[in-house]
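The structure follows.
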């Protein structure tokens, strides 16, 4: 499974589970609930990312290997302006 630990602060951990595993959530959380005492987990919560959160995260990603969409638009605009000046 491709789960990613997003953060771990004191006694709280945030883990991202890809949506493609959502069909397994009921089975997983039933077993997880049964094992809480053994795992020494007092409580947990589940959230779903909103579309706004997804856009904010994507907007903050910086891929050093390739220019960002904003940079690509700037380059395309500069190239278009240069073509007009010719």
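Subtract the Cα-Cα distance of residue 20 and residue 43 from 0.36 nm times their separation in residues, and report this length gain in nm to one decimal.
Extra length available between residue 20 and residue 43 comes to 5.8 nm.
Taking square-rooted eigenvalues a ≥ b ≥ c of the alpha carbon gyration tensor, is the range 1-41 rounded, prolate or oblate, where a/c under 1.5 means rounded and, failing that, a/b exceeding b/c means prolate?
Judged from the Cα gyration tensor, the range 1-41 comes out oblate (a/c at least 1.5, b/c at or above a/b).
Would you mind computing, in nm to one decimal, how far apart the modelled labels at residue 3 and residue 56 are, each placed 7 Å from Cα along Cα→Cβ?
For the pair residue 3/residue 56, the computed spacing is 2.5 nm.
Values quoted throughout were computed directly from the atomic coordinates according to the rules given, and no laboratory measurement underlies them. What you are looking at is a predicted structure, and each value in this text was computed from that prediction instead of being measured. We place every Cβ from the backbone using ideal geometry, glycine too, and count neighbours over all the protein chains shown.
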